[in-house]
Amino acid sequence: MKPSAIYPGTFDPMTLGHLDIVRRASEVFDRLVVAVAETPRKQPWFSLEERMAMVAEATRDLPGVEITSFHGLLVDFARAQGIRALVRGLRAFSDFEYEFQMALSNRKLAPDIETIFLMTSDTFSYISSSVVKEITSLGGNTVDLVPPCVQVMLSEKHKGQNRGAVSS
Ligand code: COA
């Protein structure tokens, strides 16, 4: 029997890189819970509800994938779900330090929970949510960087930003 795992993140917004990790993790795990974190310290562009909606839409064809939100400690959420595996994507060396620190902190808090890293496909290794937001703010095209539903939401966000700039 294949086990369950949690793929946590802020997903502000979800990119094709995130989707690549969800797709590949869903082939390894029977049940994959994509856990959207509130992360108020990052001051997300998209509300928690918007981020959950975009992840749900982007992953709706993938069997065994569930979307939920969480706040508080990730390991507490994992225990409440009865899940012992956390999935994270690694894109480049630059991710390693941050991910290493997070994995070891989680292990200290909960030695029974393991973090499993999947390497992002090289096609997506340069994508980040911040880059997507910067390109959007400057009027660029992110069609090759995000799922189609996210592209629509980014266009709306950009229009809203422009309306705000004109009226202020
Ligand atoms: N493809 C593309 N981009 C990726 C990626 C991939 N495979 N993997 C990560 N990224 C990028 C994201 O685009 C994002 O870019 P940005 O920095 O430009 O915004 C960045 O890497 C990380 O975003 P994301 O993957 O959404 O995760 P996160 O780092 O925001 O999530 C939590 C962190 C929520 C998992 C973590 O803060 C957490 O567990 N919080 C709960 C509190 C807790 O338990 N703390 C103790 C543990 S340290």
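Every number in this text was worked out from the coordinates using simple rules, so none of it is lab data. Note that this is a predicted model, so its numbers are computed, not measured. Here Cβ is always computed from backbone atoms with ideal geometry, including for glycine, and neighbour counts include all displayed protein chains.
Can you compute the label reach from Ser94? Point 7 Å from Cα along the Cβ direction, backbone N cut-off under 13 Å, restricted to the stretch 1-42. Output list for this probe position: empty. Within the set of other residues whose C-beta is less than 12 Å from the C-beta of Leu154, count the net charge using Lys and Arg as +1 and Asp and Glu as -1. After counting each charged neighbour, the total is -1. Sequence-distant contacts, meaning Cα pairs under 8 Å at least 6 residues apart, place the relative contact order of the chain at 28 percent.
Add +1 for every Lys or Arg and -1 for every Asp or Glu among the other residues with Cβ under 13 Å from the Cβ of Glu66, and state the total.
+1
Computed from the C-beta positions of Lys108 and Arg84 and an R0 of 22 Å, the FRET efficiency is 0.90 to the nearest 0.05.
Amide H to amide H, with H built 1.01 Å from N, Ile6 comes under 5 Å of Val33, Ala85, Leu86, Val87, counting only residues 5 or more places away or on other chains. Under 10 Å, Cα contacts only: if you run a Gaussian network model on the chain, which one of Val131, Val150, Val65 comes out with the highest mean-square fluctuation? Result for the chain, Cα springs under 10 Å: Val131 fluctuates most. The rule of thumb for compact globular proteins, 2.2 N^0.38 Å, goes into the C-alpha radius of gyration of the chain 1.05 times.
Please give the residues of the stretch 85-107, grouped as numeric ranges, whose backbone N is less than 13 Å from a label point set 7 Å along the Cα-to-Cβ vector of Leu138. Zone members listed by number: none at all.
Lys133: which aspartates and glutamates have alpha carbons under 13 Å from its alpha carbon, excluding same-chain residues fewer than 8 sequence positions away? Within the straight-line limit of under 13 Å, Lys133 reaches these aspartates and glutamates: Asp12, Glu156. Peptides 83-91, 55-63 ranked from most to least packed, by the mean per-residue count of other Cβ atoms within 10 Å: 83-91, 55-63.
What does the charge add up to near Ser129, with Lys and Arg as +1, Asp and Glu as -1, over the other residues with Cβ less than 11 Å from its Cβ? List each step's numbers first, then the result.
Working: positive: Lys42, Arg51, Lys133; negative: Asp12, Glu134.
Surrounding charge for Ser129 is +1.
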